[in-house]
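Read through the structure below, which is laid out as structure tokens, and then see the notes.
The values are calculated or read from the model by the stated rules, or taken from the named source; none is laboratory data. Keep in mind the model is a prediction, meaning the values are calculated, not measured. Because the Cβ atoms are built from the backbone with ideal geometry, glycine has one as well, and the counts that use them run over all protein chains shown.
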Amino acid sequence: MTTRRDLLRGFSLGAGSFLLTPLLQQARLQANGFLGTLPKRFVFVVKSSGVSPEGVTPPEIQGEEPANLDLMDYALHPSMAPLEPFKDQLSIVRGLSGKMCRGGHSSWFGAMGVYMTGGEHNRGAILRATADSELARLSPAPFSHVGLAVRGPALSKAYGGVLYPGITAVGANKELPFQGSPDLAFEQLFGSAASASGQGAARFRTQKNLLDFMVDDIKRVNREIPSPEKGKLDSYLQAFEELQVRHSRLTGMKGQIRKHAPEYEDKFTSTVEEIRQEAHFDLTAAALIAGLTNCVTLRLDSLATLYSGLGLAKPNHAIGHNESQRTQEECRDIIRLHHSKLIANLARKLSEVPEGDGNMLDNTMIVYFSDAANKHHADCIEWPYVVVGGCSGRLKLPGRYVRYPQYGEPGCRTIGNWWTTLLNAFGNPVDHYGNEDLVLKQNGQSILGPLNELMAS
């Protein structure tokens, strides 16, 4: 008979053990063969050092005037060329400001939380759940929100691979942990049915048995402790019980998980940044297709990331300070081309999976942007977004180039309006998400609420 001591000896509940295990709100409703609605999926691809507005704009589109154009009439920027096959589901949104965020090297949680936090090198306090977490709650799955990050090989498996890049929060002062190791992420996502070591199923059973032990213990202790401490323990009990539910759901999905698990390759243990990014994108596609999650936030790089595989000799930070042999624009075009290839490959994989009357890409929104708005030392005057996918038909966006009035001009809008739009479109009718721009408010130019012109009727 297996004892508690045996379980604890064979399995450690370190920080990494509970990575990618948010609370299960309800079972995922499958599109084919089951009653229910089609899932809404989100992939947030976040890079450092800004996204150049000019670098994502078709060269034929000149000037800074407000516009709402059909992208099919224009050739994409060369660094965006891999996305040409998906141009009818590609959107470029420009002109949105984020001056309520600090800017600089990073806006940290403010990029998706819409508030000022800390300084250039200090993340500061977390005021609220970030928009990606709020959207994840609207389309629950066994792993309700998966965070994957690339921050260099030295940190890849530190603390069980867990990284805290400072961009996503599940609530006030509650940061979402990201997995920095593709190898460990593979085990955590697919280990119930597929494993590089071949021991995934056994490890999964051990986890479930340990959870059963711990839930029983917590229930027993809860009956014996004073009332003031019961609230805290109740929270632990709820979390562990929901982990039990997740494990049960995954047990019933073993065939589906095994079918869609990516082939384990050397890329999952590579120390080359570009290859690690590719591995994370492979995991993202597989997790979405297998139904393990409907929301992934990918932290693509950091200021320290060196794209040596692309022939760049300096990391992002040095590129931003023009310390590379190539111009900053040339370096950023090279990096953007690489990112576009990764996004295009993800879009292709999703488009090849039938779903409802179309395919999975129709019900997915891939959003590419930066935590530093428009440039290396961001002034947050403009925060460009590149979107790929059909957005579940919730937005009048696919296939469009949309340019809003410049900051301070009549009708200018902010990233708060952008995130409000997404939340409203996908089921959270919030009046306005994030902080208001106080300068615009003082000048009578602040407009709250969603971007109604982007909302599907």
Flagged pairs (Cβ under 6 angstrom, 6 or more apart or on separate chains; first in region 293-314, more than 18 Å from Glu330 (Cα to Cα); second surrounded by fewer than 17 Cβ atoms within 10 Å (Cβ to Cβ)) are none
Can you tell me which of (1) among the small types (Gly, Ala, Ser); (2) modelled with pLDDT under 95; (3) more than 18 Å from Asn68 (Cα to Cα) is the one Ala456 doesn't meet?
(3)
Residue within region 332-340 that is at pLDDT below 85 and surrounded by 15 or more Cβ atoms within 10 Å (Cβ to Cβ) present:
no
Going through Leu38, Leu71 one at a time, which residue ends up being buried (at least 16 other Cβ atoms within 10 Å of the Cβ) and at pLDDT below 95?
Leu38
Of (1) under 27 Å from Ser181 (Cβ atoms); (2) at pLDDT below 95; (3) crowded, with 19+ Cβ neighbours inside 10 Å; (4) out of contact with any Phe, Trp or Tyr (no Cβ under 8 Å at 6 or more places or on another chain), Leu8 satisfies all except one. Which?
(3)
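Residue-wise test of (1) assigned to a loop (DSSP other than H, G, I, E, B); (2) modelled with pLDDT of 95 or more; (3) among the basic types (Lys, Arg).
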{"residue": "Tyr115", "(1), (2), (3)": "yes, yes, no"}
{"residue": "Gly124", "(1), (2), (3)": "yes, no, no"}
{"residue": "Ala129", "(1), (2), (3)": "yes, yes, no"}
{"residue": "Asp132", "(1), (2), (3)": "no, yes, no"}
{"residue": "Pro140", "(1), (2), (3)": "yes, no, no"}
{"residue": "Phe143", "(1), (2), (3)": "yes, no, no"}
{"residue": "Ala154", "(1), (2), (3)": "no, no, no"}
Applying the selection to region 341-354, what residues are crowded, with 20+ Cβ neighbours inside 10 Å and either out of contact with any helix residue (DSSP H, G or I) (no Cβ under 6 Å at 6 or more places or on another chain) or charged (D, E, K, R) (or both)?
Ile343
Taking region 41-68 and keeping residues within 25 Å of the chain's Cα centre (by Cα) and either hydroxyl-bearing (Ser, Thr, Tyr) or surrounded by fewer than 17 Cβ atoms within 10 Å (Cβ to Cβ) (or both) leaves Ser48, Ser49, Ser52, Glu54, Thr57
Here is a list of conditions, (1) under 16 Å from Phe109 (Cα atoms); (2) hydrophobic (A, V, I, L, M, F, W, C); (3) under 19 Å from the mean Cα position of the chain (by Cα), and Val387 meets all of them except one; can you say which number that is?
(1)
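Residues checked against (1) over 21 Å from Ala285 (Cα atoms); (2) in a strand (DSSP E or B); (3) touching a residue at least 12 places away in the same chain (Cβ under 8 Å); (4) out of contact with any His (no Cβ under 7 Å at 6 or more places or on another chain):
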site	(1), (2), (3), (4)
Phe369	no, yes, yes, yes
Ile381	yes, no, yes, yes
Pro398	no, no, yes, yes
Tyr401	yes, yes, yes, yes
Pro405	yes, no, yes, yes
Pro410	yes, no, yes, yes
Trp418	yes, no, yes, yes
Asn428	yes, no, yes, yes
Glu436	yes, no, yes, yes
Select from region 277-311 the residues that are assigned to a loop (DSSP other than H, G, I, E, B) and crowded, with 22+ Cβ neighbours inside 10 Å and list them in ascending order.
Leu292, Thr293, Asn294, Leu300, Asp301, Ser302, Thr305
